[in-house]
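Every number in this text was worked out from the coordinates using simple rules, so none of it is lab data. Predicted model, so just to flag it, every value in this text is computed and none were measured. A quick note on method: Cβ atoms are made from the backbone with ideal geometry, for glycine too, and the neighbour counts reach across all protein chains shown.
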Amino acid sequence: MRLNPETVRQIDSPIRTARALLDRRARERALLDLAQAAPQYPAAPEVIEHIVAVARHQHGGDYVEIAGLPHLRELFATELRTAYRGHVRAEHVVITAGCNQAFCLVISALAQPGDEVVLTLPYYFNHDMWLRMNGIAPVYLEPGPDLAPTAAAAEDLITPRTRAIVLVTPGNPSGVTLDQHRIAELSAVATRHDIALILDETYRSFIDTDEPPHALFADPDWARTLVSLHSFSKDFAIPGYRVGAVVASTELNREVMKLLDCVAICAPRIGQEAAWAGLTSAQQWRRARAREIADKRRWFAAMMAECPGGFELLSTGGFFGWVRHPFVGRPTDNVVRELAIRHDTLVVPGTAFLPDDRGTFRVSVSNIDRAALTEFAARLTAAGGSRPQQTLNR
Ligand SMILES: Cc1ncc(COP(=O)(O)O)c(C=O)c1O
């Protein structure tokens, strides 16, 4: 059997690759698993009760309209209208099997082989993988020293083949959260070139302000440029239920629905019901979990302030910390392997998020509590060199 070479050429799931390292670990102490970012607590009781009731219902297992349950689309549009003080209606919302599927469908609706899509570095690995597997060229946008991309740098990358600029904010893996002004500038570049601005907003509930993450929905003409992608996985601790959303123009949504019909017919009904229950009755629960994650981030930043073992925290936000190791010239995959095998600490190498090795790795801060974050810093001290790379490079 011959396989599709574009798929074969792609990396395996970096999370799977990281987990494989665990087979060889010393097991001298408890594992600190900071690889995959996933809530470590169950869904809110109200959500669980609702899905039990749906599962028992005579029609609880029926297909759903392609675009999703009408009451969920309506409710989610209302939530976005309020949260962003903007113009979002149910017809703008298509419910998908998670934000990953949302991205894949949108890309397939926008681009064809030979086209280009701008990804900010460091990118979310599944974005890069999906583009490459479909013969679409990722064009990399280098961020500035604050790890945020600028409009001028984005502008320089646009060609007649460009179909979209992709931003993830708060970022995965960097955690960097772009401010409203920066997002508006990047959106203006996309509008000027008549291409899409795809915003992956998976971590939008995990920012340190009550202000809307961006002001783009406030423009009545937003759907001309913006494609906003959402996930209910982290907000309601239901990653395995697979539910997210595309928020875009009705014109783009029509194409997205053709694709969704072919790959899934509709997003899983039970996940849609869980998201609806979460939006209806678990809002306080959701805010409380977000506060806990923010507390972990602050604790983690404090633990990293002195660069334990020379490991330097470059940025943190959302569920993540982005860390530079102190071993100049040593492959990061090697450093990460040693952390797993000898120090029972699992992180994801930066090489999964970059086209080259910049001596960085991603830490899913959300996975563990304060005591374990303190222990993480102690393990870095044990694993480390003495000074951060920046100091060594000077
Ligand atoms: C940036 C980003 N987009 C999308 C996803 C996938 O979300 P979902 O579970 O809704 O598919 C993740 C999950 O880790 C993510 O970090």
Inset, instruction - Measure off 7 Å from each Cα along the Cα-to-Cβ vector at Y140 and R89, then give the distance between these two points in nanometres to one decimal. - result: 4.3
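Using a 10 Å cut-off around each Cβ, can you sort T177, T209 from fewest to most neighbouring Cβ atoms?
Values: T177 22, T209 9.
Ascending Cβ contact count within 10 Å gives the list T209, T177.
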Legend entry - Counting DSSP beta bridges with both ends in the chain, the antiparallel % (nearest 5): 50
Inset, instruction - Report the full-extension gain for the segment A188 to R291: residue separation times 0.36 nm, less the Cα-Cα distance, to one decimal in nm. - result: 33.8 nm
Legend entry - Net charge contributed by nearby residues that have their C-beta within less than 14 Å of L346 (K/R +1, D/E -1): +4
Inset, instruction - Distance between Cα centroids, region 75-123 to region 21-51: provide it in whole Å. - result: 27
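Please report the antiparallel percentage of the DSSP beta bridges confined to region 185-337, to the nearest 5.
Working: 9 of 13 bridges.
Here the antiparallel bridges make up roughly 70 percent for region 185-337.
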Inset, instruction - Using Cα pairs closer than 8 Å and at least 6 residues apart in sequence, work out the relative contact order for region 45-283, in percent. - result: 31
Legend entry - Furthest towards positive pole of dipole, A97, S13, A35, structure part region 10-116, Cβ charges: A35
Legend entry - Which of R337, R254 has the fewest Cβ neighbours within 10 Å, and the rest in rising order: R254, R337
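Among W285, W322, what is the fewest-to-most ranking by other Cβ atoms within 10 Å? Please report the intermediate quantities before stating the final value.
Values: W285 19, W322 24.
Arranged by neighbour count, lowest to highest, W285, W322 become W285, W322.
Magnitude of the Cβ-charge dipole of region 258-390, K/R +1 and D/E -1, about the Cα centre, nearest 20 debye?
Details: 18 positive and 13 negative charges, 59 e Å.
Once rounded to the nearest 20, the dipole reads 280 debye.
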Inset, instruction - Can you tell me the FRET efficiency between E79 and A20 if r is taken as the Cβ-Cβ distance and R0 is 35 Å, rounded to the nearest 0.05? - result: 0.35
Legend entry - Gaussian network model of the chain, springs between alpha carbon atoms under 10 Å - residue of G384, G278, G329 with greatest fluctuation: G329
Legend entry - Full-extension gain in nm, C262 to S281, via 0.36 nm per residue minus C-alpha separation: 3.6 nm
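Charges only on Cβ, +1 for Lys and Arg, -1 for Asp and Glu: so what's the dipole of the chain about the Cα centre, in debye to the nearest 20?
I would put it at about 1020 debye.
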